[in-house]
Every structure is written in C-alpha cells, then in structure tokens.
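The structure appears below as structure tokens.
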Amino acid sequence: MSFREKIHWVAFVGLLAGFGWYFLSYPWETANTRMGMLTSVWMLFPATIIFLVPMIAGSAYFAIRAPKEANLREDEREKLIHLKGTHAAYYPLVLGVWANIFAMINGLIYGWSVNILMATLVLAELVRVGAQLYYYRRGY
Amino acid sequence: MARLPFDNDIKTLRFLSDEMTQGDLGDKVGVTRQTIAAIEQGKYSPSLEVAFRIARVFGKPLEEVFRWAGD
C-alpha cells in the first residue's frame with residue numbers, strides 16, 4: 001500500500017469519526033434557531049480536532065516509517081486517481097446545494113442551513129476519498 | 001474492469017535485468033512501485049512517455065515491451 005493510499009485511509013476514518021460524532025451529537029431540536037446555528041459553529045472545533053489529529057499523527061507516522069515514499073511526487077496514475085475522485089465528489093456537492101436551496105425556501109434556516117452545507121461537504125469529501133481508495137485498490 | 005488491449009513483458013524483462021524489483025524500475029522511470037505493478041498486471045495503461053521510459057530502461061524498442069493483443 002502506497003504512502004498516499006494510507007493517508008487516504010486515515011482521512012476517510014478521521015472524517016467518519018469527527019463528523020459522525022458531530023451529526024450524532026448535534027441538538028437537532030434547536031436547529032432552526034440562532035442558537036442552533038451558533039451551536040453548530042462551536043461544535044465544529046472538536047469535530048475538526050477529531051479529524052485533524054489522526055491526520056497529522058498518521059501522516060507523521062507513515063512518513064517516518066517510509067520517508068522515501070513520502071517524498072515521492074505524485075505520478076501520472078496517482079494524478080488520474082486524484083482527478084477521478086474529485087470528479088465523483090462534484091455530484092454530491094451539487095445535490096447538497098440544491099437541498100440547501102430547497103430547505104431555505106421551506107423555512108429551514110440557521111442551523112439547518114449550516115448543517116446541510118456541512119453534510120454536503122462531508123459527503124463530497126467521503127465520496128472523493130472513497131472513490132480514490134477504490135481506484136487505488138483496483139489498480140486504477 | 002475491461003482488460004487493456006495490449007500485453008507487456010515487463011515482468012520477464014525485470015527478471016532478466018538482474019532481477020530488478022518493481023521499486024527499482026519505478027525509481028528509474030519516475031513512478032511509484034504500485035504504478036509499475038498496475039502496469040505489469042494490465043490494470044493501468046501508462047502514458048506514452050512512461051511506456052518509452054520503461055522500454056529505455058531495458059534498452060529495448062517499445063514494441064518488444066508492449067504488444068498489441070486486441071482486435
């Protein structure tokens with residue numbers, strides 16, 4: 001398994017852990033109030049830490065174990081995998097923006113807007129990283 | 001996954017070149033070991049540049065490394 005693939009696995013698990021905690025712990029009954037919006041902003045800090053700490057620790061650990069691989073530039077196959085993953089992530093982004101527009105038209109604002117946009121970003125990231133992991137595993 | 005319409009002899013050529021590893025070949029060509037493995041297994045179609053670089057490492061013309069096998 002290449003250095004970049006390992007980092008992708010760490011990012012995937014980190015995203016699931018950090019934002020899984022966020023969405024499961026969020027007080028949804030307050031979502032449509034200004035307080036609900038502020039709560040979601042505050043909850044972003046621990047969610048980001050839960051995501052970032054394993055990312056930094058994992059990158060450092062794998063870079064120390066295989067410094068040569070960590071310093072390698074992305075080759076053409078990896079660039080293609082990168083592009084394909086990013087392309088796949090475009091679709092959940094579009095869906096999420098439409099979902100947010102629909103929600104706002106129907107009076108779901110404040111925390112709902114923030115959370116729908118955040119869920120969109122997280123879903124798009126999961127699709128991007130997941131698709132890249134799939135292509136890494138498949139060979140291309 | 002659709003199989004590529006060409007085969008290659010990279011594995012044999014590596015063996016004949018003092019049992020060169022995939023990592024060594026990757027270093028010489030400028031790609032990762034995993035990319036060499038994917039090319040060898042016919043999972044990834046390399047760019048023309050990488051194909052030429054691989055052939056140059058073995059001192060062979062391109063058609064002795066990669067062979068068209070499709071229709």
**Prompt:** Projected area of the range A:3-138, taken from the Cα convex hull and averaged over every viewing direction, in nm²?
**Reply:** 8.7 nm²
**Asked** Using alpha-carbon pairs under 8 Å, 6+ residues apart, how would you state the relative contact order of the range B:9-61 in percent?
**Response** 31 percent
**Fill in**
Note: A:PHE45 to A:ASN106 extended length (0.36 nm per residue) minus current alpha-carbon separation gives 19.1 nm
**Request:** Would you tell me the mean number of C-beta atoms belonging to other protein chains that fall within 10 Å of each C-beta in A:65-74, as a whole number?
**Result:** 2
**Message:** If you average the C-alpha positions of the range A:4-32 and of the range A:45-94 separately, how far apart do those two centres end up, in angstrom?
**Reply:** 16 Å
**Fill in**
So for R0 = 45 Å, FRET eff. of A:MET1-A:THR33 from the Cβ-Cβ r, to 0.05, ends up at 0.45
**Request:** Determine the gain in length on full extension of the stretch B:ASP9-B:LEU48; use 0.36 nm per residue of separation and subtract their C-alpha separation, reporting nm with one decimal.
**Result:** 12.4 nm
**Request:** Pull up the cross-link candidates among the aspartates and glutamates for A:LYS68, meaning alpha carbon to alpha carbon under 14 Å and not fewer than 8 places away within one chain.
**Result:** B:ASP24, B:ASP27
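What's the Kirkwood radius of the range B:9-61 in Å, using all Cα pairs? Please list the in-between numbers first.
On the way: mean 1/r = 0.0927 Å⁻¹.
About 10.8 Å for the range B:9-61.
Filter chain B for me: DSSP H helices, axial length by Cα at least 15 angstrom, mean Kyte-Doolittle hydropathy not below 0.0. List them by residue number.
On the way: long enough: B:48-58 (16 Å, 1.22).
The qualifying helices are B:48-58.
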**Request:** Apply 1/(1 + (r/R0)^6) to the Cβ-Cβ distance of A:ASN71 and A:LEU117, taking R0 = 35 Å, and write down the FRET efficiency to the nearest 0.05.
**Result:** 0.45
**Prompt:** How many Cβ atoms of partner chains, on average, are near each residue of B:29-37 if near means within 10 Å of its Cβ?
**Reply:** 5
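Within 10 Å of each Cβ of B:45-56, how many other protein chain Cβ atoms are there on average? Numbers along the way, then the final one.
On the way: counts 3, 3, 4, 0, 1, 3, 0, 0, 0, 0, 0, 0.
Whole-number average of other-chain Cβ neighbours for B:45-56 is 1.
Tell me, what is the percent relative contact order of chain A, built from C-alpha pairs under 8 Å that lie six or more residues apart? Don't skip to the end; give the middle numbers.
Working: 133 pairs, mean separation 50.9, N = 140.
Averaging sequence separation for qualifying contacts and normalising by length gives 36 percent for chain A.
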**Asked** Can you list the lysines whose alpha carbon sits under 24 Å from that of A:LYS84, skipping same-chain ones fewer than 8 residues off?
**Response** A:LYS6, B:LYS43
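A short reminder: the numbers here are calculations on the coordinates, not readings from a lab. These numbers come from a predicted model, not from an experiment. Virtual Cβ from ideal backbone geometry, glycine too; neighbours counted across all protein chains shown.
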